[in-house]
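The values are calculated or read from the model by the stated rules, or taken from the named source; none is laboratory data. Model, not experiment: these values are computed from the prediction. Because the Cβ atoms are built from the backbone with ideal geometry, glycine has one as well, and the counts that use them run over all protein chains shown.
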Amino acid sequence: MRDSFLVLICFYIHIFLYSQNYLAPTPDIIHSKVIEKTNQQVSIAWFGSNNVSRQVFQFEKVEIGFSLPELLGSKISAFINQSNEVLEKINPFNRHDIDITVDFYLNNKKIKSVDAFYYEEYRKDLRVNKWVKDTTSFNFRARFTPTEAGTYEAKIRLSTKYSPDFKDVIEFIVVQNQGKGFLELGNDNKHFRFSNTKASFFPVGQVIPWADIHDGKLDQVGRPKDFESLYNALQKLKKSKGNFTRFVASPWFMEMESEALGNYSPMLGQAWEFDRLNEDCIRDEIYYIFCLRLHTPLESRPSSEIGWETNCYNDLDKTPATIAHEAPIGVKSVLEYFSNEKAKDFNKNYYRYMISRWGYSTSLAAWQIMSEVDNTYNYKDEQETKVIKGENVVVNSDHSENRKQVRIWTHDMIRFLEYDLEDLHLKSIAMSSGLNYSSTFFDPEIFNIPEIDFFGLHHYVYEIIPPTGKVRNRNISFRFKAINDIGVGYQNGNLSYPDFQHKMFIYDEFGQDVAVPKDWPLKDYSNPTVDYNNYTGFMFKQDLWFTATAGCGVAGLDWWNSFEVKRQADWELYLPGIRLFFDGIDFENVNYSKVQEFEGKFIISQRWPNTEKEINSSIQHNYSSKDLLEVYTQVSSEGKQGFGWINNRSINWMNLLDSIKVIRDMYEGKGVFSKKYLYKPNDDDKVDKPIDIENDTYYFKIYFLQKKKIYTINFYNTITGALLSTKEYKSNRKGELKVYAPEMKFESNTDLAYKVFLKGNDFE
């Protein structure tokens, strides 16, 4: 008896540990209806929280299921299973083969059209690390999030290659609810706000790009256990008060069309898992950018697992699919990927599927069409040395035609999302850098596309071998210039794109990257850049505050170490303070992004020191009372108030070699590091130790305030968000305020945040 009891307990433990803790909603079959002139029936079902009355709240998901006739189902199975017995096949992922559209009406007014997508139900078994197909009676689903209350009509249209069209109508009720709504651009177009409450939203978090692939096989689809690290990271982000991240579709994560042209079946288990993950984000109020295409499969990488040479769009694919796929489309180069009309059409199928499946989500902040499109093959102009008639000749390549095709393609895809799919989410595209790693782009016109809502820039601090000695390992020159140039519209030194002033700028991917020789990793050791980021959490913190106060609409999204315990400890330490600080700033009703002219240049935020000469003075001289503080400030358009961040410039990795042993070992090539991975910048400080700041010793200035007015300044701890001290100063006749910093000790508070406002007024 006892043994039987133990067996039963073990059985239930097994079920708990190795099976999903998710139960699929039970469908409520509304009715079945015959397709005209056939004996074939279409069944329609309701999937929701209230099956009986078909009621949902505002901003709650509506999901309708469709069960197709057996005849159509067999044609779909024939495509997926590569059946030779059925000649008439239907690709369920090709909108030209089958199209199910639902038009939602409220009070006889069309609100939105959505497309249904092909769906399979799964359960996950962690014991065998697989998603196992479950019974799916309704293989097509349509999802919609209503933003208004009332009685809705859903008008359904089904069209296929091999049957007459089918139409039907169902009704449901939406009950009023005070939800926040979707994220949209605020009044100044520089920040987010919620569509329903119109409250401003400031994102703080980190890129958590994908499920961590433990076996390292980037050309294979990730599995259920890989998602466990992703779930864990999102829970750690929530616990740390983080509210924002970015997912990046890749061949191993959520890039549905990575294995076979036109066939997303290998990724349907992942898609089912992402459904769960997305619902967790909605529940936990974590918002995300979804990057839909990775640039790497469009780079030339002959010896890599992923690259153009193994891309399913390429007729010359070296790894042709062994599963069902569409016929070759006449594409052999990356340029043709962007210009070929058939390739564009398949891309539209792909984007349509992604938008149809997850476009309902209130946690989805924006779609990103592609990551680092400027790193695709033959996008950038290049120089190469060729031997011509026995002599070395430098040849300049002009890839302007390629860039033109990329821009046309981007415009085409975004218009397809905006108008054909009626998607209302924000749209973006990401670039890595411009000419010579600057903020001058090869094709800035791509950001001038009207439907592009914000810039996404990827900026890493690189050093190379042999070292150039030019990388400062701080933000003060490198990244601030990028924020200002792009936010204001400077390109090639001229204010040639003033329309950029009306678009949000963000670092949606960046980080610190050390010099890494070709033969890394060291034997039995990890990536040195991961180690560097693990032990320089203070630089992660600096990047957060710098980007948040220098003119970005999002606190910069760091790329590195999102699954590392040390980085997640950084979240817990550094994110609550910045969240608390920015939750008290109303970007919707106060404009902090007005472009001002300062010393002959237009700026969107203030920097102190404000000239290159003053910034570089510490190279030849010790810090003075006016250049030890690194300060970024944004002032309201009428000069009544502002906020900013104050950093001790002597806190940088070169000055902390005695404090962080791993960094010293990397710098000297000692311990587990057989080579140097860090190099002293040529423009580094003359001082080699952190400097403690005493009260009223070092100062900075704030500009564009009201003239000859008394201002209150509150100083805040950047970790806890607590108010530390308050001072008062009077602006001069130019509207300038000279402010002395309070005490800032190396061991306690190396940086501070502050808010400044007219005396007697509350900070709004």
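Quick notes on this structure:
- Only one of the numbered conditions (1) touching a residue at least 24 places away in the same chain (Cβ under 8 Å); (2) in a loop (DSSP other than H, G, I, E, B) is violated by PRO297, and that is (2).
- Failed condition for SER159, given (1) crowded, with 20+ Cβ neighbours inside 10 Å; (2) closer than 26 Å to TYR351 by Cβ: (1)
- Total residues in the range 214-264 satisfying the condition of being over 18 Å from the mean Cα position of the chain (by Cα) and at positive phi: the figure is 2.
- Neighbours by Cβ (under 6 Å, 6+ apart or cross-chain): first from the range 144-168, assigned by TED's automatic domain parsing to the domain that holds PHE57 and of a type in the set (Phe, Trp, Tyr); second modelled with pLDDT under 95 and part of a loop (DSSP other than H, G, I, E, B): TYR162/GLU88; PHE166/ILE35
- Looking only at residues of the range 204-234 that are part of a loop (DSSP other than H, G, I, E, B) and either touching a Leu at 6+ places or on another chain (Cβ under 8 Å) or not assigned by TED's automatic domain parsing to the domain that holds GLU273 (or both), we find that the one that is surrounded by the fewest Cβ atoms within 10 Å (Cβ to Cβ) is ASP212.
- Remark: pairs (first residue in the range 533-544, in contact (Cβ under 8 Å) with a residue 60 or more places away in the chain and closer than 12 Å to LEU557 by Cα; second residue among the aromatic types (Phe, Trp, Tyr) and assigned to a helix (DSSP H, G or I); Cβ separation under 8 Å; 6+ apart in sequence or on different chains) = LYS541/TYR574; LEU544/TYR574.
- For the range 168-203, a tally of residues being within 22 Å of the chain's Cα centre (by Cα), surrounded by fewer than 19 Cβ atoms within 10 Å (Cβ to Cβ) and basic (Lys, Arg) returns 1.
- Number of the condition not met by THR718 [criteria: (1) under 15 Å from ARG649 (Cα atoms); (2) in contact (Cβ under 8 Å) with a residue 60 or more places away in the chain; (3) in contact with a helix residue (DSSP H, G or I) (Cβ under 7 Å, 6 or more places away or on another chain)]: (1)
- Scanning the range 185-206 for residues that are in contact with a strand residue (DSSP E or B) (Cβ under 9 Å, 6 or more places away or on another chain) and more than 21 Å from GLN634 (Cβ to Cβ) turns up PHE194, SER195, GLN206.
- Any hit, the range 72-80, residues being surrounded by 14 or more Cβ atoms within 10 Å (Cβ to Cβ), over 34 Å from the mean Cα position of the chain (by Cα) and at pLDDT below 85: no
- Verdict on ILE388 being without any contact (Cβ under 8 Å) to a residue 12 or more places away in the chain and more than 26 Å from TRP272 (Cβ to Cβ): yes
- In the range 752-764, the residues that are assigned to a loop (DSSP other than H, G, I, E, B) and either in contact (Cβ under 8 Å) with a residue 12 or more places away in the chain or touching a Ser or Thr at 6+ places or on another chain (Cβ under 9 Å) (or both): LYS759, GLY760, ASN761, PHE763, GLU764
- Of all the listed residues (VAL56, VAL42, VAL62), the sole one being touching a residue at least 60 places away in the same chain (Cβ under 8 Å), crowded, with 19+ Cβ neighbours inside 10 Å and over 34 Å from the mean Cα position of the chain (by Cα) is VAL42.
- ASP519 of a type outside the set (Phe, Trp, Tyr), in a loop (DSSP other than H, G, I, E, B) and either at pLDDT 90 or above or in contact with a Lys or Arg (Cβ under 9 Å, 6 or more places away or on another chain) (or both): yes
- Helices (runs of 4 or more DSSP H) contained entirely in the range 535-650, each with at least 3 residues that are in the same structural domain as LEU230 (by TED's automatic domain parsing): 537-549, 565-583
- Test for PHE66: is it farther than 30 Å from LYS180 by Cβ and not in a strand (DSSP E or B): no
- Given (1) assigned to a helix (DSSP H, G or I); (2) at pLDDT 95 or above; (3) over 20 Å from the mean Cα position of the chain (by Cα), index of the condition ASN436 fails: (2)
- Qualifying residue in the range 388-403 (condition: touching a strand residue (DSSP E or B) at 6+ places or on another chain (Cβ under 9 Å), outside the structural domain of ASP115 (by TED's automatic domain parsing) and at pLDDT 90 or above): no
- Qualifying residue in the range 635-643 (condition: touching a residue at least 40 places away in the same chain (Cβ under 8 Å) and within 17 Å of LYS481 (Cβ to Cβ)): no
- Residue in the range 81-111 that is farthest from ALA142 (Cα to Cα), counting only those that are among the charged types (D, E, K, R) and modelled with pLDDT under 95: GLU85
- Qualifying residues in the range 646-668 (those that are in contact (Cβ under 8 Å) with a residue 40 or more places away in the chain and farther than 16 Å from PHE746 by Cα) - the one surrounded by the most Cβ atoms within 10 Å (Cβ to Cβ): MET666
- Number of residues in the range 305-343 that are within 29 Å of TRP272 (Cβ to Cβ), in contact (Cβ under 8 Å) with a residue 60 or more places away in the chain, surrounded by 18 or more Cβ atoms within 10 Å (Cβ to Cβ) and not small (Gly, Ala, Ser) equals 5.
- Within the range 111-136, if we keep just the residues that are over 21 Å from ASP97 (Cβ atoms) and among the hydroxyl-bearing types (Ser, Thr, Tyr), the residue that is farthest from the chain's Cα centre (by Cα) turns out to be THR135.
- Some residue of the range 77-96 being in a strand (DSSP E or B) and over 30 Å from ARG223 (Cβ atoms): no
- Consider the range 417-440 and keep the residues that are hydrophobic (A, V, I, L, M, F, W, C) and in contact with a strand residue (DSSP E or B) (Cβ under 9 Å, 6 or more places away or on another chain). The one that is farthest from TYR350 (Cα to Cα) is MET431.
- If the condition is being closer than 19 Å to LYS190 by Cβ and part of a loop (DSSP other than H, G, I, E, B), then the range 474-505 contributes GLY489, TYR497, LYS503.
- A count restricted to the range 707-751 and to residues that are part of a strand (DSSP E or B), of a type in the set (Val, Ile, Thr) and buried (at least 16 other Cβ atoms within 10 Å of the Cβ) stands at 3.
- Scope the range 149-190; condition part of a loop (DSSP other than H, G, I, E, B) and over 29 Å from ARG95 (Cα atoms); matching residues: ALA149, GLN176, ASN177, GLN178, GLY179, LYS180, GLY181, GLY186, ASN187, ASP188, ASN189, LYS190
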